[in-house]
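Here the structure comes first, spelled out in C-alpha cells, and everything after it is commentary.
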Amino acid sequence: MKNEKQLFRFTTIGSVDNGKSTLIGRLLHDSKAIYKNQYEELENLKSLWHNDQVNLAHLTDGLKREREEGITIDVAYRYFSTPKRKFIISDSPGHLEYTRNMVTGSSNANAAVILIDAANGLDEQTKRHTIISSLLRIPHIIVCVNKMDKVGFKRQRFEEIRQDYESFSSKLQFSDVRFIPISALNGDNIVSKSQKMPWYDGTTLMYTLENMYFSGDKDLVNCRFPIQTIIQNNEGKYLSGTVAGGIFKKGDKVLVLPQEKTSTITRISLFDKEYVEAIPMQSVTMELADDIEIKRGDLIARPNNKPTVSTDIDAMICWFDDNKELEIGNDYIFFSLANESICKISSILYKLNIETLHRDLDFGKIEANDIARIQIKTTSNVLYDSYSKNRKMGSFILIDKTTNNTVAAGMIR
Amino acid sequence: MNYNIDYLEQLEAEAIFILREVFEQFNNSCLLFSGGKDSIVLIRLAQKAFFPNKIPFKILHIDTGYNFGEVISFRDKIIDKLNLDLTIASVEDLINDPNINTNDFSDRNRLQIPVLLNVIQKEGFDAAIGGGRRDEEKVRAKERVFSHRDKNGRWNPESQRAELWNLYNGNKNDGEHFRVFPLSNWTEMDIWNYISNENLEIPSIYFSHKRNVITRDGILLAKSDFIEFKEEDVFEKDVRCRTVGDITTTGLWESKATTIEDIIAEISVSNVGERGKRADDKLSLNSMEDRKRKGYF
C-alpha cells in the first residue's frame with residue numbers, strides 16, 4: 001500500500017527585512033513544528049530581537065558566531081509536516097557574498113518561495129535569487145507579496161508588483177510562477193484566507209504548498225540507473241543504486257554503459273521486498289540475466305535511449321573557493337552521481353552577471369560566488385544528460401585535488 | 001498507477017544512498033551504536049543497503065559505564081542476531097589509564113570525546129556513521145551529512161564544504177576522518193513512524209515502566225549506583241525515556257505509553273523537544289557547539 005504523504009522541499013528567498021523569518025516562523029508555528037521550549041529560549045534572549053519581534057532566524061542560527069554577529073552564515077534546514085506532506089525548508093542567507101549558499105539551498109528544491117515587500121517592490125536581491133532559481137531549474141516559483149497590511153491590502157499594488165516580476169522573469173525559464181498577496185505578521189493568506197483581501201481568489205500559501213502538483217517534475221521517460229555499489233556473493237551480483245530517471249520493469253531489455261552490453265532485468269528488490277518496477281528516487285538492487293563486467297559509475301539505460309558518453313562537458317558553474325580563483329589548465333576532480341574523473345578546464349566562455357543576465361566576456365577572473373560558463377575536458381568518459389533534462393544526471397561538483405575542497409557546483413548544458 | 005514515492009520511502013532511499021557512499025568512499029568505517037532509537041534505525045538501513053550481504057561496517061559503542069542495563073542487553077542481542085563486529089570503547093578504561101590525565105571525572109559526557117577520538121585513531125577509522133538529526137539540536141542543523149574532521153578530530157563549522165544535490169565529497173588527507181549523518185533530514189516523528197512501519201524492536205526503557213527516580217533541577221533521573229541521592233528523596237513513577245544516553249544525565253518523562261502508537265500520539269502533542277531533558281545539553285547555549293568542535297558525536 002502506498003501512503004499518499006510525499007516529501008516536498010522548498011527554498012525560501014528574501015531578506016529578514018522582507019519578513020522571511022516571520023513567514024517561516026508562522027509556517028512552523030501553525031504546523032506545530034516549534035516546541036514550546038525552543039520558543040521560550042528565544043523569548044528570553046531579548047538582545048537578539050529584531051524590531052521588537054522575536055527573530056525566528058535564531059531558532060536555527062545554531063552557531064555561536066551567527067548569534068554573536070546577528071548574521072546567518074550557512075544554509076539552515078527546517079522541518080515541518082502536515083497530514084499531506086513532509087516539508088523540508090532550505091533557508092539561505094541572501095547577501096551577495098552568499099551566492100554559493102543560495103545555489104546550495106536551491107539544488108534539491110521542488111519549489112522556491114520568493115518574498116517581496118509590498119511597499120518596496122522588487123529589489124536587487126529578489127532578482128539575483130530569481131536568476132539563481134532559474135539556473136538551478138527550480139520547477140515552481142511562488143512569489144509572496146508580503147506586508148500587504150502596509151499598503152492597505154490594495155489590489156492595485158499587488159498587480160503592479162506582479163507585472164514587474166513577470167516582465168523581469170519572462171526572460172528566464174520558468175513554467176510555473178504564482179503570486180500570493182500575504183501578511184506574514186498577521187497570518188493573512190498563510191494558512192487561512194484573508195478577510196481583508198476579498199479580491200484575491202487564489203489559494204493560501206499553505207494550501208499551495210500542500211497541493212501543488214509536482215509528480216510531473218520527475219523524468220519518467222528516460223531510464224537511468226547509475227550503479228552506486230555492487231554487492232557480490234556466491235549466489236550472484238546485485239547492482240545497487242537509486243533510480244535517476246524513467247521506470248524500470250522486471251523483464252526489461254536494458255543497455256549497460258559505457259560497455260554497450262545488452263541484458264535483461266531478472267529481478268528488482270530491496271531487502272525483503274521484491275518489485276515489479278522501480279521509479280525515480282527509489283533505492284533498489286537489480287539483477288541481470290547476463291554476467292557483465294560492471295563497476296561503480298557504470299549505468300543501466302534502455303537500448304534506444306542513452307545518456308551522453310563523452311570527455312567534453314559544457315556547463316554553467318558557480319565558483320565556491322574563497323582562497324583560489326578558477327584556473328584554466330589546473331587539475332580538478334569531476335564528481336557526479338555516476339562518475340569520478342580528473343579534469344581540466346579548457347576554456348571559460350563568459351561570466352554571468354546575476355543582476356542583469358549580461359554575459360561578460362571581459363571578466364578578468366572567476367572568483368568565489370561568480371557564475372560562469374566553462375568547458376571541461378575529463379580524462380575518462382563521463383555519462384551525463386543535460387541538467388535541464390534531468391537534475392540528477394546533469395549536476396556535478398569540482399573538487400580541488402590539493403585542498404580536497406568542493407570548489408564549484410556545475411550544471412551541464 | 002501513480003508514480004509517487006512515499007516520504008518515508010524517500011528518506012529511507014536517501015539514507016541508504018549515503019550509507020553506500022560511505023562504503024564506496026572510505027576504507028575502514030564504523031557505525032556508532034548506542035542502543036538508542038536512531039542507531040537502531042541506522043542498523044536497519046545498513047541491513048537494507050547491503051542485503052543480501054551483511055553490514056560491512058564495524059559497530060562502535062562508546063560506553064560511559066553509566067548505562068541503563070536494559071540497553072546493554074538489547075545491544076548484545078542485536079549484535080548477536082545480525083552477526084556484527086562490535087568494538088567497545090570505554091570511558092572507564094580511559095579513567096583507569098595512568099597515562100591519560102582526566103581531571104574532570106564528574107562529567108563522563110565530555111570524556112566521551114577523548115574516548116571516541118582515541119578509538120578512531122587506534123582503529124584507523126576513516127569514517128564514523130552517527131544517528132544525529134538536524135531537528136534535534138540547532139548546531140546539528142548546520143552540520144553537513146559528510147562532516148569533515150581534521151587531524152585532531154576537530155570540527156570547524158565555518159569552513160564546511162558546500163554540499164549540493166546528493167553529491168557527497170569524502171576526499172581527505174591521511175589522518176583526517178569524516179562523521180557521516182544519514183538521518184540528517186529525519187525528524188523524531190519520522191524515526192518513530194519508521195520504527196512502527198518496519199516493526200523494529202527497541203529497548204524496553206522507551207516504553208512506560210515503573211522506576212525509582214529522583215528530581216534534579218526539575219528533571220527526573222533514574223535512581224542508580226552512579227549518582228548520589230538521599231534515600232528519602234527517592235519515589236516511584238511511571239516513566240519512559242525519549243532519548244537514550246548516560247543514565248546520570250538522561251531525563252525521564254512521565255508517561256503511560258506502552259506501544260509505539262502511544263509514543264507517536266504522545267510526541268505529537270508534546271511541547272518540548274526530545275533533548276529538552278538532557279542535562280548535558282542544558283549547560284549553556286554554546287555547549288553543543290563547544291563539544292562538537294572538540295570532536296563530540
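Of A:Ile265, A:Ile138, A:Ile73, which has the largest mean-square fluctuation in a 10 Å C-alpha GNM of chain A?
It is A:Ile265.
In terms of the ratio Rg/(2.2 N^0.38 Å) built on C-alpha atoms, what value belongs to chain A?
Rg over 2.2 N^0.38 Å, computed on Cα atoms: 1.08.
Find the all-direction average of the projected area of the Cα convex hull for the protein assembly as shown, expressing the result in square nanometres with one decimal place.
So the Cα hull casts an average projection of 31.9 nm².
Hey, got a sec? Which trypsin sites (Lys or Arg not before Pro) in segment A:163-194 land in a DSSP loop and have at most 16 other Cβ atoms within 10 Å?
A:Lys171, A:Lys193
Which value, to two decimals, describes the C-alpha radius of gyration of segment B:3-117 once divided by 2.2 N^0.38 Å?
In units of the 2.2 N^0.38 Å rule of thumb, it is 1.25.
Of the residues A:Gly297, A:Gly14, A:Gly236, which exhibits the maximal mean-square fluctuation in a Gaussian network model of chain A defined by a 10 Å Cα contact cut-off?
For chain A, modelled as a Gaussian network with Cα springs under 10 Å, the answer is A:Gly236.
Between B:Glu176 and A:Asn211, what FRET efficiency comes out of the Förster formula 1/(1 + (r/R0)^6) with R0 = 45 Å and r the beta carbon distance, rounded to 0.05?
0.45
Any idea how far the Cα center of segment A:6-31 sits from the one of segment A:216-292, in Å?
What the calculation gives is 38 Å, centre to centre.
Percent of alpha carbon pairs in segment B:202-277 separated by more than 20 Å?
28 percent
Mind putting a number on the dipole of segment A:308-412 about its Cα centre? Charges go on the C-beta only, +1 for Lys and Arg and -1 for Asp and Glu, and I need it in Debye to the nearest 20.
It comes to approximately 360 debye.
Which whole number in µm²/s is D for segment A:294-413 by Stokes-Einstein, with the Kirkwood Rh taken over Cα pairs at 25 °C and 0.890 mPa s?
166 µm²/s
Treat segment A:225-301 as a sphere of radius equal to its Kirkwood radius over Cα pairs and apply Stokes-Einstein at 37 °C in a medium of 0.692 mPa s; give the translational diffusion coefficient in µm²/s, rounded to a whole number.
For the chosen part, D equals 270 µm²/s.
Expressed as a whole number of Å, what is the distance separating the alpha-carbon centroids of segment A:387-413 and segment B:254-272?
Each part's Cα centre sits 44 Å from the other's.
What lysines does A:Lys193 reach when the alpha-carbon gap must be under 29 Å and sequence neighbours fewer than 8 apart in one chain are set aside?
Cross-link targets: A:Lys5, A:Lys20, A:Lys32, A:Lys36, A:Lys84, A:Lys86, A:Lys127, A:Lys147, A:Lys150, A:Lys154.
Hey, any idea what Rg/Rh is for segment B:102-261, computing Rh the Kirkwood way over Cα pairs?
Ratio value, two decimals: 1.03.
Quick check: convex hull over the Cα atoms of chain B, volume per residue in Å³, rounded to an integer?
So the per-residue hull volume is 150 Å³.
A:Glu124 versus B:Phe226, label points 7 Å from Cα toward the beta carbon: distance in nm?
5.6 nm
Only the coordinates and a few stated rules stand behind these numbers; no lab work does. These numbers were taken from a predicted model, which means no experiment stands behind them. Note that we place each Cβ from the backbone using ideal geometry, even for glycine, and neighbour counts take in every protein chain shown.
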